[in-house]
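What follows is one structure encoded as structure tokens, with my remarks underneath.
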């Protein structure tokens, strides 16, 4: 990892070529490329974006979060490391029990969230694979306290454990602290077909809990039940990779499809999003199987075929973003792009945009809103990865 006393690369990008994906008649229908102006209006000048390299020489940085005073923390999945970026751009590895982290396939040290009271309590949350006695493993969410010098974590407090994993495939692990203080955890199905529809499994869910105690959030749909069911907020997911909250308070997830239909979903208490890949692990089934008992909720956006491996997401706000203000910015791994998803007041799709010049950085994973900008992590591997800051030029 290199010392970054000054920005390594600053690119003023005039984004005049856009890929657009206008909605079809169904809000969950796949979208197709077509030139179009914003909101169906005639084409107008695209915003100018400034891209700065915040850190480089990384290996699969998975999540990045601001902690105040111009400082950032980020995780690296395969190195199982936690790193501090100081306000002057210097980077420093934070002491973390990396040897306890189970790293395999898509799983390692992944999600990161910062307590709203961090300035006083220095409390953070991580989601990771974890080694257990006898060669066993699980995925778990742990709260930590950073020391006063921000040099190491301590006082581990396991908030939720037993998130399923077999080979490391479909590890989920995105974290979000909502405006009401609840901690949301997006999980993967571990490529086990029965998990997403089983309310006895944490796999293929969004969970909601109290970050101070690890107890189920009191207004969860099954808060009065026993066992794992009381933690579940939504179910029927394949592999939740992004979680975001809109200005109106609504919660959104982004997940990987199979060979088709990456999704953006509007979450709601007790909703079933219909992934049920049985018998075995049958990935030929639809992402939302409307033939299941009860009600299933379709995606607000889906990719169709082929998939683009949608990942982290955050809503952007501010006058500088122009027509993109209020859109959901979604990183894409296989698609190697940053996609902006514009939704109307009820949450239905209006359009998507993928600025062509932001396709030059390879696979994009983490997306975090930060001071009117976006922090984006690349996921190309081999020590070539970066954390980028994207903001409207002034």
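Residue by residue, here is whether (1) within 21 Å of the chain's Cα centre (by Cα); (2) more than 30 Å from residue 122 (Cβ to Cβ); (3) without any contact (Cβ under 8 Å) to a residue 12 or more places away in the chain holds:
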| position | (1), (2), (3) |
| --- | --- |
| 216 | no, no, no |
| 223 | no, no, yes |
| 229 | no, yes, no |
| 241 | yes, no, no |
| 247 | yes, no, no |
| 252 | yes, no, no |
| 263 | yes, yes, no |
| 275 | yes, yes, no |
The condition of being more than 25 Å from residue 314 (Cβ to Cβ) and touching a residue at least 40 places away in the same chain (Cβ under 8 Å) holds, among 185, 94, 103, only for 103
Of (1) closer than 27 Å to residue 381 by Cβ; (2) within 15 Å of the chain's Cα centre (by Cα), residue 315 satisfies every one except (1)
Please verify whether region 324-336 includes one or more residues that are farther than 20 Å from residue 249 by Cα, surrounded by fewer than 22 Cβ atoms within 10 Å (Cβ to Cβ) and modelled with pLDDT of 95 or more.
yes
Which ones in region 95-123 are buried (at least 22 other Cβ atoms within 10 Å of the Cβ) and either part of a strand (DSSP E or B) or over 23 Å from the mean Cα position of the chain (by Cα) (or both)?
101, 107, 109, 110, 111, 112, 113
With respect to the numbered conditions (1) part of a loop (DSSP other than H, G, I, E, B); (2) closer than 24 Å to residue 306 by Cα, which one is the sole condition not fulfilled by residue 195?
(2)
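Quick one: which residue in 335, 331 is part of a strand (DSSP E or B), touching a strand residue (DSSP E or B) at 6+ places or on another chain (Cβ under 9 Å), in contact (Cβ under 8 Å) with a residue 12 or more places away in the chain and closer than 18 Å to residue 60 by Cβ? Walk me through it before giving the result.
On the way: 335 fails: part of a strand (DSSP E or B).
Exactly one residue qualifies, and that residue is 331.
How about region 371-389: which of its residues are surrounded by 17 or more Cβ atoms within 10 Å (Cβ to Cβ) and more than 15 Å from residue 311 (Cβ to Cβ)? Break it down stepwise before answering.
So in region 371-389, the residues surrounded by 17 or more Cβ atoms within 10 Å (Cβ to Cβ) come out as 373-380, 385-389.
Of everything in region 371-389, those that are surrounded by 17 or more Cβ atoms within 10 Å (Cβ to Cβ) and more than 15 Å from residue 311 (Cβ to Cβ) turn out to be 373, 386, 389.
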Hits in region 207-221 (condition: surrounded by fewer than 17 Cβ atoms within 10 Å (Cβ to Cβ) and farther than 13 Å from residue 158 by Cα)
218, 219
Quickly run through region 343-360 and pick out the residues that are more than 18 Å from residue 249 (Cβ to Cβ) and either in a strand (DSSP E or B) or touching a residue at least 60 places away in the same chain (Cβ under 8 Å) (or both).
349, 350, 351, 352, 353, 354, 355, 356, 357, 358
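From 167, 91, which residue is within 30 Å of residue 272 (Cα to Cα) and surrounded by fewer than 22 Cβ atoms within 10 Å (Cβ to Cβ)?
Numbers: 91 fails: within 30 Å of residue 272 (Cα to Cα).
After applying the criteria, what remains is 167.
The values are calculated or read from the model by the stated rules, or taken from the named source; none is laboratory data. From a predicted model like this one, the values you see are computed outputs, not experimental measurements. Virtual Cβ from ideal backbone geometry, glycine too; neighbours counted across all protein chains shown.
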